[in-house]
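Throughout, read-outs are computed from the coordinates displayed, never taken from laboratory work. Not measured: the values here are computed from a predicted model. Here the Cβ positions follow ideal geometry from the backbone for every residue, glycine too, while neighbour counts run over all protein chains shown.
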Amino acid sequence: MSIGNSPEDERPFENEHVEADREEARPSIGHVLQQARIAAGLTVDDVSSATRVRMNIVHAIEADDFAPCGGDVYARGHIRTLAKAVHLDPEPLLAQYGDEHGGRPAPTPAAPLFEAERIRPERRGPNWTAAMVAAIVAVIGFVGFTMFQGGDDNANEANVAEGSTPSDSASPTTKTKKPADPESEPSDSAIAAAPQDKVTVRVAAADGRSWIAAKDHNGRMIFDGVLKQGDTKTFQDSSKVHLVLGDAGAIDLFVNGKKIEEDFQPGSVERLTYTKGDPQAG
């Protein structure tokens, strides 16, 4: 009969040590976000501008100090926003935050502050005034069209009486092609016609969404925001346009009417400067 502890009795203590070692080996949330930001080539100022999260809160979260966030709901929202800005999956970080801070909180209306949601238009009753105006316009148009057709018939009858056929006097009708929608067609010709004493840069989110920042030659911000797939922006300055592309692989660039043929990689951050004349990246 053995008085000492059996190997089975010692296993729980061994498991506790293993779990503790795993917790110590797992990098912190702030460290993961900071390393991902550095790997993406972004500064804290870049991330703050792209996400609208104040710089002091970004610094605090990267130092694993979540007190300035104002509560668990806001901390989770900031973690999710910062993770997406540096191309990370936020779910593992949110799960780690829950493990370290008491699990997932109850749902709260504050969540929409961090997730851009499409606002549904308010339902309204029928606009009878607009309907009445549309009906009046339709009646006037129909009367005018009828009178115009009647005039053509009278002219044709007169021509027949004089010995000519209606087709002799009628001019052929040529259908004009409807101009293309400028939002759905690339405006390369418009860019090519831009003044030669300025630099014109067109940015198109062709293969996905990307954060874009553009400054003029004085360093003033022209645009700072996210382009969704299919969106375009055109910037113009007297001498220089400075660009920062958050996901350059999703972007098509046109400078002074010419497409920039660069093999930008998906997820790469590019800082570019363009001037007048032939497009050259600076």
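Around the amide H of ILE222, modelled in the peptide plane, lie the amide H atoms of ALA214, LYS215, ASP216, all under 5 Å away and 5 or more residues distant in sequence or on another chain.
Placing dummy labels 7 Å off each Cα toward the beta-carbon, the span from ILE140 to GLN265 is 6.3 nm. Summarising the amide proton neighbourhood of THR200: residues at separation of 5 or more, or on other chains, whose placed amide H is nearer than 5 Å comprise ASN256.
In order along the stretch 77-87, the phi-based Karplus estimate (6.51 cos²θ - 1.76 cosθ + 1.60, θ = phi - 60°) of 3J(HN,Hα) comes to x, 5, 4, 4, 5, 5, 4, 5, 5, 9, 6 Hz; Gly and Pro are listed as x.
Given their separation in residues at 0.36 nm each and the Cα-Cα distance between them, ASN218 and LYS84 gain 45.2 nm when the chain is fully extended. Please tell me which of these pairs span more than 18 angstrom C-alpha to C-alpha: LYS215/LYS240; LYS84/LYS259; LYS84/LYS215; LYS198/LYS240; LYS233/LYS259? Exceeds cut-off: LYS84/LYS259; LYS84/LYS215. Listed peptides 37-49, 247-259 appear in the order 247-259, 37-49 once ranked by packing, highest mean of other Cβ atoms within 10 Å at the front. Prolate is the label for the stretch 202-254. Its Cα gyration tensor axes, ordered a ≥ b ≥ c, give a/c of at least 1.5 and a/b above b/c. Each peptide in 221-232, 196-207 gets a packing score, the mean of other Cβ atoms within 10 Å over its residues, and the list from highest to lowest is 196-207, 221-232.
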